[in-house]
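Right, one structure below, let's go through it.
The values are calculated or read from the model by the stated rules, or taken from the named source; none is laboratory data. Please read all numbers here as calculations on a predicted model, not as lab measurements. Using ideal geometry, Cβ is built from the backbone for each residue, glycine included, and neighbour counts are taken over all protein chains shown. Side chains are part of the model used for accessible areas, which takes the heavy atoms of the whole protein and leaves out ligands, DNA and RNA. Shrake-Rupley method; radii C 1.70, N 1.55, O 1.52, S 1.80 Å.
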Amino acid sequence: MMVDLDCRHQRVLIVGGGAMALRKVHQYLSAQAQVIVVAKKINEEFLTLPVTIIESDYDEAFLKDCFLVHAATDDASLNEQIVKDGRNKGIYCLSVTPSSSALHSVLSYEDEYLQCALSTKGAYPAFNRVFLQRLMEVYNEEYKDKLPYLKEPI
């Protein structure tokens, strides 16, 4: 089952300061979330974004008052610990690595006519990108220009 989680104005913690964390930050910012990034090392691009940055190792105390936590480090065991800590506090948690999380990120596309999401339940993120790209090629070539007319009465 896929759901669309409303993160508007919600406190979202991203643990990690690399490329994957940066992609997640962009996604949550586009969803109008209040983003906090925790990492010992931060990619410089984070400094140009409207996020709160905490340059530190992860600590469970950072979970306080969070609506959602996304573990986006390159350390699978740390990501799993973050998921467990969040779950114990009743916080929605996701991880960029396979974990015990009950939630998994989906790759999505949205325009004025279509919203679609794709997931391999966290197992094959590269396949998600390839498959969604192919799906969007078919949509753009064959259907996008027809969708506005489908809502019109016949």
### Task
Just give me the residues in region 1-56 being at positive phi and polar (S, T, N, Q), in sequence order.
Q32
### Message
So in region 3-32, with the set limited to residues that are of a type in the set (A, V, I, L, M) and not in a helix (DSSP H, G or I), which one is surrounded by the fewest Cβ atoms within 10 Å (Cβ to Cβ)?
### Response
V3
### Query
What number goes with the only condition from (1) part of a strand (DSSP E or B); (2) in contact with a Gly (Cβ under 9 Å, 6 or more places away or on another chain); (3) among the aromatic types (F, W, Y) that Y109 does not pass?
(2)
### Count of residues meeting criterion [closer than 12 Å to L68 by Cα and polar (S, T, N, Q)] in region 79-100
1
#### Entry: Residues that are under 30 Å from G86 (Cα atoms), open to solvent by 80 Å² or more (accessible area, probe 1.4 Å) and either touching a residue at least 24 places away in the same chain (Cβ under 8 Å) or hydrophobic (A, V, I, L, M, F, W, C) (or both), drawn from region 116-154
F127
### Message
Being out of contact with any Gly (no Cβ under 7 Å at 6 or more places or on another chain), open to solvent by less than 70 Å² (accessible area, probe 1.4 Å) and assigned to a strand (DSSP E or B) is the filter here; which residues of region 33-42 pass it?
### Response
V35, I36, V38
### Task
Find the residue count for region 43-64, including only residues that are in a helix (DSSP H, G or I) and not hydrophobic (A, V, I, L, M, F, W, C).
4
